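Accompanying notes for the structure given below.
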Amino acid sequence: MNKKREMIEAAAVLIRSKGYENTKLSDILEATDTGKGQFYYYFASKRELGLAVLDYNYEYFHRNLLLGVLGSGKAPEVKFDEMLKWVVSFHGSMQAKSGCIFGNLTLEMSEHDEAFRAKLTEVFEAWSENLRRVLDEMFEPRGTAEAEEVNRLAGSIVGMIEGGILLMKSRQDIAALRDVTDWIRFLVASYASGHRAG
């Protein structure tokens, strides 16, 4: 692993746990046994590294969830269920402590840094858009009104998941997120019943 990648990965762990502002440059240098001169060879500032951390985390998210799950060739109902299972499994593997790095940084940085806000918005829009395609497969909306309804449903599901992650982090209990994903399944099943009845 090259030094630049090592610093990005170390910073990703620190920022997920401590937040951006509470992660000091000295923390990153110590974690990677890097001198200041070497750091500034790769990054102009801690902010530039922070934006690289966002890109690094998005690459993982895109590869594993957006492509690996939502972009698979499986039936849409299976993809939807596997998305929810993936989210619970991912956060369960971290003992339900750190939360979503995208959600954490949205709360911390969006009001203060436009570059962070723009990147974070792109993450959630990409998730909503990929989920919308799966829901389109499930419900085959007819006309503009139904298509917009499915689009709003996709965005609302992403919002509910992020809210569930926030509750999970507050309670330090994966059950909080699992409860939310169970309710999402129920709500989507109810929507499907109403859609078929219509």
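The values are calculated or read from the model by the stated rules, or taken from the named source; none is laboratory data. Note that the structure is predicted; figures quoted are calculated from it, not measured. Note that each Cβ is placed from the backbone with ideal geometry, even for glycine, and that neighbours are counted across all protein chains shown.
Quick look at the values:
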| read-out | value |
| --- | --- |
| Exclusive hit being under 23 Å from Asp55 (Cβ atoms) and in a helix (DSSP H, G or I), set Glu148, Glu108 | Glu108 |
| Some residue of region 92-108 being free of Cβ contacts under 8 Å to residues at least 24 places away in the same chain, over 17 Å from Arg178 (Cα atoms) and either surrounded by fewer than 16 Cβ atoms within 10 Å (Cβ to Cβ) or more than 13 Å from the chain's Cα centre (by Cα) (or both) | yes |
| Some residue of region 66-84 being assigned to a loop (DSSP other than H, G, I, E, B) and polar (S, T, N, Q) | yes |
| Test: residue in region 52-73 that is surrounded by 14 or more Cβ atoms within 10 Å (Cβ to Cβ), over 26 Å from Ala126 (Cα atoms) and either hydrophobic (A, V, I, L, M, F, W, C) or in contact (Cβ under 8 Å) with a residue 40 or more places away in the chain (or both) | no |
| Check on Lys97, within 30 Å of Met138 (Cα to Cα) and either assigned to a loop (DSSP other than H, G, I, E, B) or among the hydrophobic types (A, V, I, L, M, F, W, C) (or both) | no |
| Thr144 hydroxyl-bearing (Ser, Thr, Tyr) and either touching a Cys at 6+ places or on another chain (Cβ under 6 Å) or crowded, with 16+ Cβ neighbours inside 10 Å (or both) | no |
| Residues of region 31-48 that turn out to be among the aliphatic types (A, V, I, L, M) and assigned to a helix (DSSP H, G or I), as a count | 1 |
| Criterion violated by Leu167 - all others in (1) of a type outside the set (Asp, Glu); (2) within 18 Å of Lys85 (Cα to Cα); (3) touching a residue at least 24 places away in the same chain (Cβ under 8 Å) satisfied | (3) |
| Candidates Thr144, Thr106, filtered to the one that is over 21 Å from Lys79 (Cα atoms) and at pLDDT 95 or above | Thr106 |
| Complete set of residues in region 15-37 that are under 16 Å from Tyr60 (Cβ atoms) and of a type in the set (A, V, I, L, M, F, W, C) | Ile15 |
| Search result, residues across region 100-145 that are polar (S, T, N, Q) and touching a Leu at 6+ places or on another chain (Cβ under 8 Å) | Thr106, Ser110, Asn130 |
